[in-house]
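To start, the structure under review is shown below, and the notes come after it.
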Amino acid sequence: MAHWRDSARNVRFFIVDFRATFPLFLFLLHIRLWTFVFAVTATLFFGAIEYYGFSLTVFSRWLRSYIAGPRKIAQPWWKK
């Protein structure tokens, strides 16, 4: 019996995050060296961001904020 509080947890395939299962499935369908490298890289990437406490959505927002920089301009430079 699953409780309603379990609905917020991430889906897992054993210990692997569900987002990393698509590259693994792709590797099983098309067994080549590049798909193996892609699957292992994706699994390590999702494992690393999970280790640091990020989800994919939070990581993409953090990356966008990091690239944009700390300075936020309220008006465009051409309207000053």
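We did not get these values from a lab; they are worked out from the coordinates using the rules stated. Note that the coordinates shown come from a computational prediction; the quantities given were computed from them, not determined experimentally. Neighbour counts run over all protein chains shown; Cβ positions are idealised from the backbone, glycine included.
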Quiz item: Which value, in nm² and rounded to one decimal, describes the direction-averaged projected area of the C-alpha convex hull of the chain?
Solution: 9.6
Quiz item: Looking at the chain, do any whole DSSP H helices span at least 15 angstrom along their long axis by alpha carbon and average -1.0 or above on Kyte-Doolittle, and which?
Solution: 33-51, 56-68
Self-check item: Where labels lie 7 Å past Cα in the beta-carbon direction, separation of residue 18 and residue 77 in nm
Solution: 4.4
Quiz item: Going by average Cβ neighbours within 10 Å, how do the peptides 57-64, 33-40, 7-14, 69-76 rank, with the highest at the top?
Solution: 33-40, 57-64, 7-14, 69-76
Quiz item: What does the charge count near residue 17 come to, summing +1 for each Lys or Arg and -1 for each Asp or Glu among other residues with Cβ under 13 Å from its Cβ?
Solution: +2
Practice problem: With r as the distance between the Cβ atoms of residue 11 and residue 61 and R0 = 22 Å, compute the FRET efficiency 1/(1 + (r/R0)^6) and round to 0.05. | Solution: 0.60
